[in-house]
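Please treat every number below as a calculation from the coordinates, not as lab data. Keep in mind that this is a model prediction, so the values were computed, not measured. Note: ideal-geometry Cβ built from the backbone for every residue, glycine included; neighbour counts use all protein chains shown.
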Amino acid sequence: MGAGTVAAMEEARQVLARLARIEALDRRSAPPDEVLGELRELVREAETWVRCERDAGEAADALVRCRDALAVEMRDEVALLAG
């Protein structure tokens, strides 16, 4: 296994661990700002993962989904704060 493959696997593990933390926050109905912080970190970690992947197609797709989820969460938080 090459160094790039090991790095990509580690980055993927970090993304999966972050997703697990986000799911746990969701289950306990954590405050929106706490969830948003985790989502922001998720996007950063996913971006790093994409840069490590040789064939970044699947990772890039996952990154798009993460960015979309963050955008939805941010809109919801703004609506809550405005309401």
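Take the Cα of Thr5, step 7 Å toward its Cβ, do the same at Val64, and the gap between the two points is 2.7 nm.
Taken over the chain, the alpha-carbon convex hull comes to 74 cubic angstrom per residue.
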